[in-house]
1. Calculate the FRET efficiency for residue 41 and residue 125 from the Cβ-Cβ distance with a Förster distance of 30 Å, rounded to the nearest 0.05.
2. Quote the Stokes-Einstein diffusion coefficient, in whole µm² s⁻¹, for the range 1-128, based on the Kirkwood radius over alpha carbon pairs, a temperature of 4 °C and a viscosity of 1.567 mPa s.
3. Measuring from label point to label point, each 7 Å out along Cα→Cβ, what is the residue 176 to residue 148 span in nm?
4. Taking the chain as a Gaussian network, where each spring joins two C-alpha atoms under 10 Å apart, which residue of 55, 100, 147 fluctuates the most?
5. Place a point 7 Å from the Cα of residue 18 along the Cα-to-Cβ direction; which residues of the range 208-230 have their backbone N under 14 Å from it?
6. Compute from the Cα atoms of the chain the Rg and the Dmax, the latter being the longest Cα-Cα distance, and quote both in angstrom.
7. Under 8 Å for C-alpha pairs, at least 6 residues apart: give me the relative contact order for the range 148-230, rounded to a whole percent.
8. Which order do the peptides 191-201, 87-97, 129-139 take when ranked by the mean count of other beta-carbon atoms within 10 Å per residue, highest first?
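None of the figures in this text is laboratory data; all of them are computed from the coordinates on show. Note that the coordinates shown come from a computational prediction; the quantities given were computed from them, not determined experimentally. In this analysis, Cβ positions are derived from the backbone assuming ideal geometry, glycine residues included, and neighbour counts consider all displayed protein chains.
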């Protein structure tokens, strides 16, 4: 929940010039608050940056105050939707069942969902990292097309805490996630205290295809450095 429309447009002015020499094969996606989607959609027209939403409801319309539907998002040229982010699960009662419904709704409307999975500090300390994530994947992906999907591994204990998951450990867990998929080519991102000073090491890991960036995406300079990792 960051940036008004004006602030988002200001951010874009600082970001776009820094992407002129970014390798073509790198996909850049901004998942912004709903209020900024329409204005950024116009500003990004013709650029290489894609637009994503931070959530999507499973129904196309109805009595779901405070939610947003697939048709509302596709109208603004949104291509991606984050589904099951740890904050949605932690603070707003998101379950694997509702995550599954949102994933299917995304795909029904031609959006690529970015499914977030990951463990808490307590689960990791108890040695439940693998079993918890495997359970999330099994329940979340029922009936979901893995050819139209991105997964983000976000160890909850490393989000915004400055306590980064070792890149080798992130690589190991992402490899395990990949082993549970029917499509091994699903892009799998790492998210959790991704910063300009650790992105090069993160992206050197063979299993990690990209990054889901939180706080470090709020300044155009730091986000551009992450996009332009070496």
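1. 0.10
2. Values: Rh = 15.9 Å.
Translational D for this selection: 81 µm²/s.
3. 3.1
4. Top of the fluctuation ranking is 147.
5. Residues 213-230 fall inside that zone.
6. 16.9, 49
7. Numbers: 119 pairs, mean separation 27.1, N = 83.
Relative contact order for the range 148-230 comes out at 33 percent.
8. Going by the mean number of other Cβ atoms within 10 Å, highest first, we get 191-201, 129-139, 87-97.
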